[in-house]
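Report on the structure given below.
The values are calculated or read from the model by the stated rules, or taken from the named source; none is laboratory data. Nothing here was measured: the structure is a model prediction, and the numbers come from that model. Reconstructed Cβ throughout: ideal geometry from the backbone, glycine too, with neighbour counts over all protein chains shown.
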Amino acid sequence: MEINIQKRVLEANETEADINRKFFKEQNVFVLNMMSSPGSGKTELLCKSLKALMPKIRVGVIVGDICTRNDADRLEITGAKVTQINTDQFGGDCHLSASLILASAKELGCFDLDLLIVENIGNLVCPAEFDIGEDAKAVLLSVTEGEDKPLKYPLMFRVADVAILNKIDLLPYLDFDAKLAKDNMKQVHPHLPVFEISAKTGEGFEPWLEWLAMKVFEKTGK
């Protein structure tokens, strides 16, 4: 019975995700769903990315958290359009559903955006299961989390279009094998692009920004 309930939930979400895709196509905006576990450095990565991309690329961000708007406040300082979703009123959901994304995207206003980034709730499980009508999924793994995460949470890395290995500035101080972590990602998703980045120092940002700008251009022509 629980499996049937879950199936109905996912089917309903897929219908809503298709509505989102149509809306984003009409708005001519590229949508990136950024996912990771808590504390991986998503918000700092986005702050640095937005500063580098704007104003050439017009960016908006939907931030998902169970409570607070701490991350949204940090991102607003960059000058990007930002809106917050808190799921505590929905029972503290650990993911963003397609219906929540559409309402927030309309509130944000996508007509004047080239890129809409969804900073999903920190979780390596549920967000991977819920399509939100995005054009691409990104997964962020930090070097403080362990090389085996892609093997323990394979769906997240299997559905991703790009992966980022963050906090590489800490590698000299940790017992972490970056090659093994990337090999584990490739084991789950052989053709997954992986960018090694330090959101703190800015090391490795150029390839990631080039990839993102290329994806935006491919969809929007802008």
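Key figures
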read-out: Count of the range 184-222 residues which are within 23 Å of Ile57 (Cβ to Cβ) and assigned to a helix (DSSP H, G or I); value: 16
read-out: Filtered residues of the range 12-42 (kept if small (Gly, Ala, Ser) and either part of a helix (DSSP H, G or I) or buried (at least 18 other Cβ atoms within 10 Å of the Cβ) (or both)); value: Ala12, Ala17, Ser36, Ser37, Ser40, Gly41
read-out: Residue among Lys186, Lys179, Lys200, Lys152 that alone is surrounded by fewer than 18 Cβ atoms within 10 Å (Cβ to Cβ), within 19 Å of Glu119 (Cα to Cα) and out of contact with any strand residue (DSSP E or B) (no Cβ under 7 Å at 6 or more places or on another chain); value: Lys200
read-out: Top-ranked residue of the range 111-126 - restricted to ones that are more than 13 Å from Leu32 (Cα to Cα) and buried (at least 21 other Cβ atoms within 10 Å of the Cβ), ranked as nearest to the chain's Cα centre (by Cα); value: Ile121
read-out: Asn70 vs. criteria farther than 27 Å from Asp169 by Cβ and surrounded by fewer than 20 Cβ atoms within 10 Å (Cβ to Cβ); value: no
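Residue-by-condition table, conditions (1) more than 18 Å from Lys137 (Cβ to Cβ); (2) at pLDDT below 95:
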| position | (1), (2) |
| --- | --- |
| Arg8 | yes, yes |
| Ser37 | no, no |
| Val59 | no, no |
| Ile77 | yes, no |
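Residues checked against (1) closer than 28 Å to Arg8 by Cβ; (2) not in a helix (DSSP H, G or I):
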site	(1), (2)
Asp71	no, no
Leu75	no, no
Gln89	yes, no
Ala103	yes, no
Asp112	no, yes
Val118	yes, yes
Leu141	no, yes
Thr144	no, yes
